[in-house]
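Read-outs throughout are calculated quantities, based only on the coordinates presented, and are distinct from any laboratory measurement. What you are looking at is a predicted structure, and each value in this text was computed from that prediction instead of being measured. With ideal geometry, Cβ positions are generated from the backbone for all residues, glycine too; neighbour counts draw on all protein chains shown.
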């Protein structure tokens, strides 16, 4: 899927990897917007599609309607928004843990989980329409594997996320050193249990992300609330045991900043495998357009 092609509407529904995609797919333009060499924003980004005339109480719907597509987002804008969003998330998640340790657990696990979940929600609502707000290499890889995000942009996104994590971690080290230890995610249980927990919570997270971002039947306007709430719940489940990373760069940045690599392989592998599984399972169980049309045509007591 090439998101920089303005001349056609993508067949797949809008996802975090396709910012600016149409809310409803399936309409094919009869005239390319490229034909307008000059004019207003309406002329530049308005594509038309045919509809059948329909009688209404106040008259008849005209046989031609228009849909306005948003202007394209450049890769520089996407990368900039992804860097800022990831930086904010890493700073908030790590700082909350550090402050909680510094103040002798005054914020509690509930406060740390709520802070991370709320941060994810605000970033999705503020930058999701620009970069898709992946904030996580595992999410980027899962979207690319399911063809909701172009593979050619994956290295750029992952590199941006890693750099944002390093910047946040070293900034926190400068501010809070030597209390920085609280921001590192290390297993407090056996490696097998830690791997299982990280895999499961990453699965849950990506299952919800895939639902609200790739299925047009889901309430996409509530994606930020749904994903933020999921992060909060999964943090409560695994926070005391593994730190509830669910994100390779959440663990990589602090590990490099403090030279503490205990169990780092868990946080680099389990989230990626978990998100791939979560995205794949939702894709397998979601209702397709053909199945919905078939169900609508089946007689029932409601009809």
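Can you tell me which of 99, 79, 120, 139 is over 24 Å from residue 239 (Cα atoms) and either buried (at least 17 other Cβ atoms within 10 Å of the Cβ) or within 17 Å of the chain's Cα centre (by Cα) (or both)? Before you say what the answer is, go through the steps one by one.
Details: 99 fails: over 24 Å from residue 239 (Cα atoms); 120 fails: over 24 Å from residue 239 (Cα atoms); 139 fails: over 24 Å from residue 239 (Cα atoms).
The unique qualifying residue is 79.
Might you let me know whether region 158-171 holds any residue that is free of Cβ contacts under 8 Å to residues at least 40 places away in the same chain and assigned to a helix (DSSP H, G or I)?
Yes.
Output the number of residues of region 73-112 satisfying the condition of being out of contact with any helix residue (DSSP H, G or I) (no Cβ under 6 Å at 6 or more places or on another chain), in a helix (DSSP H, G or I) and under 15 Å from residue 157 (Cβ atoms).
Summing the residues that are out of contact with any helix residue (DSSP H, G or I) (no Cβ under 6 Å at 6 or more places or on another chain), in a helix (DSSP H, G or I) and under 15 Å from residue 157 (Cβ atoms) in region 73-112 gives 6.
Checking residue 271 against (1) assigned to a helix (DSSP H, G or I); (2) surrounded by 22 or more Cβ atoms within 10 Å (Cβ to Cβ); (3) over 15 Å from the mean Cα position of the chain (by Cα): exactly one of these is not met. Which one?
(3)
Would you check if residue 182 is surrounded by 19 or more Cβ atoms within 10 Å (Cβ to Cβ) and on the phi > 0 side of the Ramachandran plot? First the steps, then the outcome.
Details: surrounded by 19 or more Cβ atoms within 10 Å (Cβ to Cβ): yes; on the phi > 0 side of the Ramachandran plot: no.
For residue 182, the condition - surrounded by 19 or more Cβ atoms within 10 Å (Cβ to Cβ) and on the phi > 0 side of the Ramachandran plot - is not met.
Going through region 226-246 one residue at a time, which ones are out of contact with any helix residue (DSSP H, G or I) (no Cβ under 6 Å at 6 or more places or on another chain) and either crowded, with 24+ Cβ neighbours inside 10 Å or under 22 Å from residue 83 (Cα atoms) (or both)?
243, the sole residue that qualifies.
Could we say that residue 235 is more than 19 Å from residue 110 (Cα to Cα), in a helix (DSSP H, G or I) and out of contact with any strand residue (DSSP E or B) (no Cβ under 7 Å at 6 or more places or on another chain) here?
No.
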